[in-house]
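J.: Please read through the structure below; I'll follow up with questions.
The values are calculated or read from the model by the stated rules, or taken from the named source; none is laboratory data. The shown structure was predicted, so the numbers you read here are calculated from the model rather than taken from an experiment. Quick reminder, even Gly has a Cβ in these numbers, built from the backbone with ideal geometry, and neighbours come from all protein chains shown. Note: accessible area is taken over every heavy atom of the protein model, side chains too, but ligands, DNA and RNA are not part of it. Shrake-Rupley method; radii C 1.70, N 1.55, O 1.52, S 1.80 Å.
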Amino acid sequence: MSFVELIPIGTFLALLTEEVLETAIAARDVLIEKESFKALSRYLYHIEPVLKELQLRELSDSNAARQALEFLKTDIKKAKNLVEKYKNRARFYLLVRCRHIVNEVQDVTRDIGRSLAALSLASTEVLSHISDKVNQLHGEMQRAHFEASHSQIRIVEKLIQGLLEQKRDQRFANDMLEDIARAVGVPIEPSEISRELEFFRKEKEEAAARKERAEEHFIEQVIELLSRADAANDQEGVRKQYLCRVETVHGTEAEYIAPLKAFICPLGGNVMVDPVSLCTGTTFERGAIEAWFNSGKNTNPDTGQALHDLMLRPNIRLRQSIEEWHEINYCLVIRSSKQRLQSGTEPEVVTALDHLQDIVKENPINKDWIAIEGLIDIILSILRRSRNRDVKRRVLNTLMTIVEGHSRNKDLVVECREFGHIIYCLGRGPDESRAAVELLWELLQGSSGWKEFILQKLVRHDSTVIFLVVLLNSAEVESARRAEAILLKLCDDCDDNIIKVASANWYEPLLRRLREGPDSSRISMARALVKMELVDQNIKHLSEGGAIPSLVEMASGNLEAKEVALCALVKLSNFRENKRQLAEAGAVPLILELMFSPHIPTIIITRCSEILERLSSNDGTEFLVEANGTSLELEPIITNLLALQQNLSFSPTIRKPALHALLSICKSEATSVQRTVVAADGVPIILPLLDDPDKVIRKLAINVLFYFSQHEPQGIVDFLLSQRRLEYFIGFLKDDSGGDLPMAAAGLLAHLPKSEVRLTEELVKLDGLSAIMNILSSGTIEAKENALGAMFRFTDPSDLAMQRLVVGMGLYPLLISFLKTGSSTSKARAAALICNLSLNSSKLTVMKKQSSWWCFGSPRMPICDAHGGICDVSTTFCMLKANALPELVNLVKEHVNDPAYEALRAMSTLFQDGFSYRGAEVLNAAEAISPVLHVLEWGTSAMKEEALHILEKAFEFREVADMYCSSARILLIALSTQSHQDKRLGRKAAAVLAQLERYYS
């Protein structure tokens, strides 16, 4: 008779209800697979009202009812046992068994569901009003499907895979222990981990007691792996173990103790790692004997005896003896390596380093023992002492082996005073730098991420950032990748580090911060840019990285952001491509608005002036555009720039760049400037700047006046002639600093009215003429061109004395040199000046002819072919005596309009005062007639008119007309028939043609 049959059914229901509630409550306290046990608890809570309903309704006492209750009680008991089974088990065990546990919970849930269905059938009448609810609960429990959490499954799968691959390295052990501990809520502290591992070992012993060999072996493997992790080792225990082994070898001179014969596997011939015994008592390496059996053999390999029992039994005692033998030898290696390292001889050092690497690879416990023996400091000191690069590389590799996956050893390395020498190795050869960056990378990796205190120590070392930045360009891709990762980590949320990295010429973190950082950080980045010494390549990198649009955006912000952003833009706005980026970012309208708006701080206006100066320098108005490329209206810009010069409250730091910008605009947009200068009364605004105490402003002012004077020269002469200003002005002519002051000053003189005789006289008096002559001799091309323009005021044909003065100062030879090798403008102006001088040659020659030199029996002087008297360069300014005529003819042959026109005008001066026949003979002898004729084909109207004037004079003489009649008639007929285009020119050509026709009619 069962227990159910001995007690009333109502009492049984009450006891069962109580047991259901107890189990439901207990299920909530299981530490692993909480969701599965919570689901079981929830189902049990739903069963409780069903049982209470049966009590209230007084379930009939039938065999079916009692049997259903007995089934339910059995299943509830299973659930309770399951909860108790896993409620206080080792948490590591619960995790590695999570899939099995989930299956058990699922099975018991479904069993309870089936029992509930049976109870429902046995009490149909009683439960009729809640039958739907009971049936639904039964269905849900029958279909219940539980799964271990994905994170736990991933951990278990990773663990199993590692065991299959026989991963024994410390890094993997550390990772697995950390994953498991976090998953089950165990702190990663040696004491906590040791306790959990001890609990785990008890689970192994219980599995052995239950004869669950597979589970026992699996748990043993897991414990062995996790025991290799740093956190699994109690440092004091490790220390005691090492000192115990050291005591064992004390007094031993040997460096190696050979293994006992019992340690050698009879099959493989190697020292065993996992010795197992056969039923005969013979011991083999597990892997070797398993391979023997798997090949189909069932005999003892050592004796040949047939085996009826193939079970392998771990030989724990032998295994422990082998491990002890290994550990004793490790101690011997560590002791001998210490002596070799301290010897200071390179071969000994290299041997020691190799031995240490070998024993660490054999057993990670040696990482701890090496540290306990104090070898880390000794190894690091070799980096400082040794000059051998190969030794340094070996040191770094050995340290890498010792610290890999070992948190405590990492801390010991970093805390060593020799730590900085690892950083110095970053800047050595490729092998050393690769080993150094790999070691640093490993040192920085902690169990829960980057080791922050090591990052801070790296930053405090001055060379770290520089060497890491250099490594970014390393041919070693992995070294460059790790160097970049370390640098980026150093820059995480640390503006100071970002600035340090940028100062070492790596700008990506700074640029990212400038684009995406908070306002305070963006200001810090911009301020850092302002302070940096940037070479051209740096500026290029910054602009390519998007610094300019970010800074332009900042310039629209608050006052602090404006100031620092504009300061940075000043540094970046020198290059043409950067100017383009500034313009495309919409910076120019913003800069002009800030620059010309009232109530803007002076520092902002100053920076805007500097940016505008750089935008316009060498490029004029090209980048004075809207963001879409539309050109800005120049008139308000010029007007405002002029107004800035009138504001005496502005310092030179504003006025100088603004004036320079105005000058650049003047150079590139002459037409627009002309209208604006006249409208804004620009000349009187700029003139006072010639008195400015700032030398640079004075120089800029004279350059600006040079361009203004082309359109508005009024008032300049009076200004120069007052208060000794002309002396300062002549100083500009004499400036030898290599700038364009002489060019501008000479150009200004060229633009001033020639009728201002007093200005000309004062220039001569104050040595200004000598300064202009010096420019003609040694100035730049542009300065020489302007000086030639200024010389027109000193070669006026009406002022013979002034002409004598300039010719006496050596003007003529200079003019001839310009005809030969000058620029097109220089050639034209030189020819025009020769024309001015030649206009007086015939008059001066006549005066010579009337002198009475012959009366004194002087030697007969040669007569000038052109002027019929005695000529020379200095007294009559004769172009023939100066050998100018061949060069003038060449100018006509070159077919360049302006020089050719002025050459024709100069040649026309040979036909004066009734001596046309001499001019005709001279031009004919110089082969000038034919080039002049060809001018009628290609020249401008003015040139053709000058050519016709020469031909008219030359053809007055039959000998010349006969030589060129045929070619001249064709050209003259063609030109005269074009009278509908230029009637005056046509009439002139017809007159010359008529003159020719008279000879042949």
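J.: So how much slack lies between E165 and D982, counting 0.36 nm per residue of separation and subtracting their Cα-Cα distance, in nm?
T.: Taking E165 through D982 to full extension adds about 283.7 nm, to one decimal.
J.: Can you give me the solvent accessible area of E205 with a 1.4 Å probe, rounded to the nearest 10 Å²?
T.: Ignoring ligands and nucleic acids, E205 comes out at about 110 Å².
J.: Note down the accessible area of H461, probe 1.4 Å, to the nearest 10 Å².
T.: Taking all protein chains as shown, H461 has close to 40 Å².
J.: Would you work out what percent of the accessible area of the chain, with all protein chains in place, is carbon or sulfur (probe 1.4 Å)?
T.: Working: 22910 of 46450 Å².
After summing per-atom areas, the C and S share lands at 49 percent.
J.: Just need the relative contact order of the chain here, percent rounded to a whole number, with Cα pairs under 8 Å and 6+ apart.
T.: Answer for the chain is 4 percent.
J.: Here's something else I'd like to know. Sorted from largest down, give the three principal axis spans of the alpha carbons of the stretch 354-426, whole angstrom values.
T.: Cα extents, longest axis first: 31, 24, 20 Å.
J.: Semi-axes of the equivalent ellipsoid for the stretch 234-325, please: Cα gyration tensor eigenvalues, times 5, square-rooted, ordered largest first, whole Å. Working shown, then result.
T.: Details: eigenvalues 219, 42, 19 Å².
In descending order, the three semi-axes are 33, 15, 10 Å.
J.: On to the next question. Label 7 Å along Cα→Cβ of A679; the stretch 623-646 residues with amide nitrogen under 12 Å?
T.: Answer for this model: 633-640.
J.: Strictly over 25 Å apart at the Cα level, which of K204/K451; K167/K457; K338/K489; K52/K77; K656/K827 would you flag in this model? Kindly include the intermediate steps, with their values, before the conclusion.
T.: Working: K204/K451 36 Å; K167/K457 33 Å; K338/K489 36 Å; K52/K77 19 Å; K656/K827 36 Å.
As for pairs spanning more than 25 Å Cα to Cα, those are K204/K451; K167/K457; K338/K489; K656/K827.
J.: Using the eigenvalues of the Cα gyration tensor, what equivalent ellipsoid semi-axes result for the stretch 697-855 when each is taken as the square root of five times the eigenvalue, whole Å, largest first? Walk me through the intermediate numbers first.
T.: Details: eigenvalues 173, 64, 36 Å².
Over the Cα atoms of the stretch 697-855, the ellipsoid semi-axes are 29, 18, 13 Å.
J.: A further question follows. For the residue pair E362 and A926, what label-to-label distance in nm results when each label sits 7 Å from Cα along the Cα-to-beta-carbon direction?
T.: Simple spin-label model gives 10.8 nm for this pair.
J.: Checking a compactness column here: for the chain, what do you get for Rg(Cα) / (2.2 N^0.38 Å), N being the number of residues? Write out the running numbers ahead of the final one.
T.: Working: Rg = 53.5 Å, N = 1001, 2.2 N^0.38 = 30.4 Å.
Rounded to two decimals, the normalised Rg is 1.76.
J.: Further question: Kindly report the accessible area of the chain per residue (heavy atoms of protein chains, probe 1.4 Å, no ligands, DNA or RNA), in Å².
T.: 46 Å²
J.: Run lengths n ≥ 4 of DSSP H only: what is the helix-derived mean residue ellipticity at 222 nm for the chain, with -39500 (n - 2.57) per run over all residues, to the nearest 500? The partial results should precede the final answer.
T.: On the way: 56 runs with 698 residues, N = 1001.
Value at 222 nm, helices only, nearest 500: -22000 deg cm²/dmol.
J.: Quick one: grab the alpha carbon gyration tensor of the stretch 875-1001, order the square roots of its eigenvalues as a ≥ b ≥ c, and give me rounded if a/c is under 1.5, else prolate or oblate depending on whether a/b is larger than b/c. Kindly include the intermediate steps, with their values, before the conclusion.
T.: On the way: a/c = 1.90, a/b = 1.31, b/c = 1.45.
Here the stretch 875-1001 falls in the oblate category.
J.: Suppose the chain between R114 and N388 were pulled fully straight at 0.36 nm per residue; how much longer would it get relative to their current alpha carbon spacing? Could the numbers behind the result be given before it?
T.: On the way: separation 274, 0.36 × 274 = 98.64 nm, distance 7.91 nm.
In short, 90.7 nm is gained.
J.: How much length is gained on full extension from E348 to I257, taking 0.36 nm per residue of separation minus their Cα-Cα distance? Before the final figure, lay out each step's value.
T.: On the way: separation 91, 0.36 × 91 = 32.76 nm, distance 2.06 nm.
Using 0.36 nm per residue and subtracting the Cα-Cα distance, I get 30.7 nm.
J.: At 7 Å along the Cα-to-beta-carbon direction for both A801 and S737, put a label point, then send me their distance in nm to one decimal.
T.: Each label point is offset 7 Å from its Cα along the Cβ direction, giving 3.7 nm.
J.: First check a/c for the stretch 268-387, with a ≥ b ≥ c the square roots of the eigenvalues of its C-alpha gyration tensor; if it is under 1.5, answer rounded, and if not, answer prolate when a/b is larger than b/c or oblate otherwise.
T.: Cα axes put the stretch 268-387 in the prolate bin.
J.: OK, next. What is the distance, in nm, between label points placed 7 Å from the Cα along the Cα-to-Cβ direction at A942 and at D377?
T.: Computed distance between label sites A942 and D377 equals 9.5 nm.
J.: Is the stretch 561-695 rounded, prolate or oblate when judged by the Cα gyration tensor, a ≥ b ≥ c being the square roots of its eigenvalues, rounded requiring a/c under 1.5 and prolate requiring a/b larger than b/c?
T.: Working: a/c = 1.72, a/b = 1.22, b/c = 1.42.
Oblate is the answer for the stretch 561-695, as a/c is 1.5 or above yet b/c matches or exceeds a/b.
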